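Colleague: Okay, handing you the structure first.
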Amino acid sequence: MAFTFLSLGSNLGNRLQHLQKARNAIQEQIGAIVSESSIYETEAVGFAGNMFCNQVIKVETALTPDTLLQKTQEIEKNLGRTQKTVTQNNLPVYTNRIIDIDILLYDDLQINTENLTIPHPRMLEREFVMKPLKEIMPAL
């Protein structure tokens, strides 16, 4: 078993309901949620969009990092996310989204492949990630 920290965000529709549905799906398909931060309302970063609700959860899982990525993307799709972040001129292009699930940490692993980078490459730059992460992982 491993511990992973996941960032959840939503800025379309009933944002709190989307976060709850994501947590429910994570419990069913990924593993037990052992800790969760408060939910923070934040402005969109990197684009002009609606206000986000963001949260970080700690999950105990038996999934490998690659399988975890696959499952989080399936959950996003099943909850109605239609478009993943794309890149243009090597820079991400962000849009409003029903749900976003990012893998922040997975035990002490460091992974850097074409499909997955752990720790999340931009988490230290994002207050909407670091504030809730520090809430449930105060040693940061």
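The values are calculated or read from the model by the stated rules, or taken from the named source; none is laboratory data. Computed from a predicted structure; not experimentally measured. Neighbour counts are summed over all protein chains in view; Cβ atoms, including those assigned to glycine, are modelled from backbone coordinates with ideal geometry. Ligands, DNA and RNA are excluded from the accessible area calculation, which covers all protein heavy atoms including side chains. Shrake-Rupley method; radii C 1.70, N 1.55, O 1.52, S 1.80 Å.
Colleague: Under 5 Å between amide hydrogens, which residues at least 5 positions from residue 104 or on another chain qualify, with H placed 1.01 Å from N in the peptide plane?
Modeller: So residue 104 has HN proximity to 5, 6, 7.
Colleague: For the range 1-70, would you read off the P(r) tail past 21 Å as a percentage of all alpha carbon pairs?
Modeller: Details: 712 of 2415 pairs.
Here the tail beyond 21 Å accounts for 29 percent of pairs.
Colleague: Heads up, I need the accessible area for residue 137: 1.4 angstrom probe, whole protein in place, Å², nearest 10.
Modeller: Here the accessible area works out near 60 Å².
Colleague: With a 1.4 Å probe and every protein chain kept in, tell me what percent of the accessible surface of the chain is carbon plus sulfur.
Modeller: Numbers: 3700 of 7830 Å².
Here it works out to 47 percent.
Colleague: Calculate the spin-label point distance for residue 60 paired with residue 107, positioning each point 7 Å from the Cα along the beta-carbon direction, and give it in nanometres.
Modeller: 1.5
Colleague: Then there is this: Quick check: from the Cα gyration tensor, does the chain come out rounded (a/c under 1.5), prolate or oblate?
Modeller: Values: a/c = 1.27, a/b = 1.18, b/c = 1.08.
Rounded.
Colleague: Still on this model: Determine how large the accessible area of residue 3 is when every protein chain is in place; take a 1.4 Å probe and give Å² rounded to the nearest 10.
Modeller: The accessible area comes out at roughly 80 Å².
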